[in-house]
Amino acid sequence: MRCDILTLFPAAVESYLAVGVLGKAAISGVLVPRVLDLRRWAGNRYGQVDDAPFGGGAGMVLMAPVVVRAVREVVQAQGLPSRIVIPDPRGRRFDDRLARELAGSPALVLVCGRYEGFDERVFELLPAEVISIGDYILAGGELAALVILEATARHLPGVVGDPDSVAEDSFTSGLLDYPVYTRPREFEGLAVPEVLLSGDHAAVRRWRREQALARTRRWRPDLLAPGTGTGEPEQ
Ligand code: ADE
């Protein structure tokens, strides 16, 4: 999957792309990320990308010609059916289902806003999907773009070494994760559950399933609600 990220803070985005799941995905070639400085498309030699809002008010607005030119050029360079994503709190709420959907796209363009946001004509002129990662306001789209891309990259083939790990994830299995333990066997009076040391794989599987169900019932009963299609049969 090709992914171009347009931002005014390329260094911040690049450092995160280099580590973990995203770093691995890039090394293996299943993800081809590119970070581009929006200032490249600035309208004048001072690198201006924003201006004061018409009608007055606080802050600066990202200029439509800069953003529209940048996105069109990047989409053309990708030469693929691209999905253009603008992270913004007003958008469709991001979740694992949308991550899986985006992972099916051959190319993404993530456009990160700053300041008071984009000139409204950006949304009218570009066939962009506006996506929110939650009901709170970040200083810019960069963190949201990285959240969207990391959750999406996990669904690209080979990115998470053990496919069982993705299949067992909360939101794929429809259940929260079961608890895990490692050495030492006892810590501050708390022992690792006996069944995990038993070597009885069937018993371990049963126990984990029970634990996952119990946790989901306790913390996220909404995931078990009938009609959510989360894989748990109705009782
Ligand atoms: N940009 C600023 N806040 C955001 C949010 N909550 N989701 C997506 N993009 C954002």
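The values are calculated or read from the model by the stated rules, or taken from the named source; none is laboratory data. Keep in mind that what you see is a predicted model, and the values were worked out from it rather than measured. Here Cβ is always computed from backbone atoms with ideal geometry, including for glycine, and neighbour counts include all displayed protein chains. SASA here: full protein model, heavy atoms, side chains in, ligands and nucleic acids out. Shrake-Rupley method; radii C 1.70, N 1.55, O 1.52, S 1.80 Å.
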Practice prompt. Would you mind getting the accessible area per residue of the chain, heavy atoms of the protein chains only, 1.4 Å probe, in Å²?
Written response: 58
Worksheet item: So which GluC sites (Glu not before Pro) in region 125-222 pass both tests, a DSSP loop state and at most 13 other Cβ atoms within 10 Å of the Cβ?
Response: GLU188
Response to the item:
Total charge of the residues flanking ARG205 in space, meaning their Cβ is under 15 Å from its Cβ, with Lys and Arg +1 and Asp and Glu -1, is -2
Fill in: For the chain, share of DSSP beta bridges that run antiparallel, in % to the nearest 5
20
Worksheet, complete the sentence: Eigenvalues of the alpha-carbon gyration tensor of region 168-223, times 5 and square-rooted, give semi-axes in Å, largest first, of 23, 14, 9
Item to complete: Enter the Cα centre distance for the pair region 89-154 and region 15-52, rounded to the nearest angstrom.
Response: 14
Discussion item. Once the convex hull of the alpha carbons of the chain is built, what does its volume come to per residue, in cubic angstrom?
Written reply: 185
